[in-house]
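Values quoted throughout were computed directly from the atomic coordinates according to the rules given, and no laboratory measurement underlies them. Everything quoted here is computed from the prediction, not taken from an experiment. Here the Cβ is made from the backbone with ideal geometry for all residues, glycine too, and neighbour counts use every protein chain on show.
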Amino acid sequence: MENWTALIRDIPDFPKKGILFKDITPLLLNPDCFAEIIREMHNALAGLNVSAIAAAESRGFIFGAPLAHSLKLPFIPVRKPGKLPAATHSVTYDLEYGQDTVCIHTDALKPGQRVALIDDLLATGGTAAAMEKLVSMASASVVTHLFLIELSFLEGRKKLAAPVKSFISY
C-alpha cells in the first residue's frame, strides 16, 4: 500500500484556484497496483454479507465495477440527473457553492439488500451522504463505505451513518 501514495500526484489549483487535486490517474496506469486496490477493497468487505455494490459517477465506477465483478455482486451506478434511462430516485444536496443531485434507478435495489458504497475520494461527505439516502429510499441498507482516499481534515465521515474505510488518508 505504500507505493499507492507515491503514484498519486498533486495538481495545484485544479479544478479551481485553492484546491489541491489528488490525481489518481498515474496509479491507474499501474495494473499491479490497481489489482491490489481491488483486492484490498474486496478483503475489506469480508464478513459483511454485502449483497450489492453502488458507486458514484464517475471515478467511483473505476473501483466499484471491478469490485462488484470480483465479488459476483450486482453493480448499481449512482449518476447525475438525466443519465439513467428509467424511473429514478434522486437526492439533492448542498455543495460549497450551490447544489448537486444524484440518482439511482428505482428498481436497482430490492428491499433489505445490504449495500457497500464505493467512491474514489471522501472530502466533505455530501455525495456519500446523498448516496446513503438513495439506498434508504429503496428500503435497502448501507453496510459500509469504501474510499481510496480520505481528506480527513474536511471531516466528511461525520456526515455518514454507515462505517467508513479509507485506504489513504491526508
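The GluC sites (Glu not before Pro) of segment 37-139 meeting both criteria, a DSSP state outside H, G, I, E and B (loop) and at most 11 other C-beta atoms within 10 angstrom of the site's C-beta, are 96.
Placing a label point 7 Å from the Cα of residue 87 along the Cα-to-Cβ direction, the residues of segment 137-170 with a backbone N closer than 17 Å are 137-140. Checking every one of the chymotrypsin sites (Phe, Trp or Tyr not before Pro) in segment 55-128 against DSSP loop status and a limit of 10 other Cβ atoms within 10 Å picks out 97.
Legend: calculated FRET efficiency, residue 28 to residue 106, from the Cβ-Cβ distance at R0 = 35 Å, rounded to 0.05, equals 0.65. Sorting the segments 26-36, 137-147 by their mean number of nearby beta carbons within 10 angstrom, highest to lowest, gives 137-147, 26-36. Ordered by the number of other Cβ atoms lying within 10 Å of each residue's own Cβ, fewest first, 69, 105 fall into the sequence 69, 105. Using amide H atoms built 1.01 Å from N in the peptide plane, name the residues 5+ places from residue 121, or on other chains, whose amide H lies under 5 Å from its own. Those lying under 5 Å, H to H, from residue 121 are 148, 149. 3J(HN,Hα) couplings calculated from phi for segment 26-37 with the Karplus curve 6.51 cos²θ - 1.76 cosθ + 1.60 (θ = phi - 60°) are, in sequence order, x, 5, 5, 6, 9, x, 5, 5, 4, 4, 5, 4 Hz; Gly and Pro show x. Under 5 Å from the amide H of residue 113 lie the amide H atoms of 141, each residue being 5 or more positions distant or on a separate chain, with H modelled from the backbone and absent for Pro and chain starts.
Karplus-based coupling profile of segment 59-74, in residue order and whole Hz: 6, x, 4, 4, 9, x, 5, x, 5, 4, 4, 5, 8, 6, 10, x, with θ = phi - 60° in 6.51 cos²θ - 1.76 cosθ + 1.60 and x standing for Gly or Pro.
Where both bridge residues fall in segment 34-169, DSSP classifies roughly 30% of the beta bridges as antiparallel.
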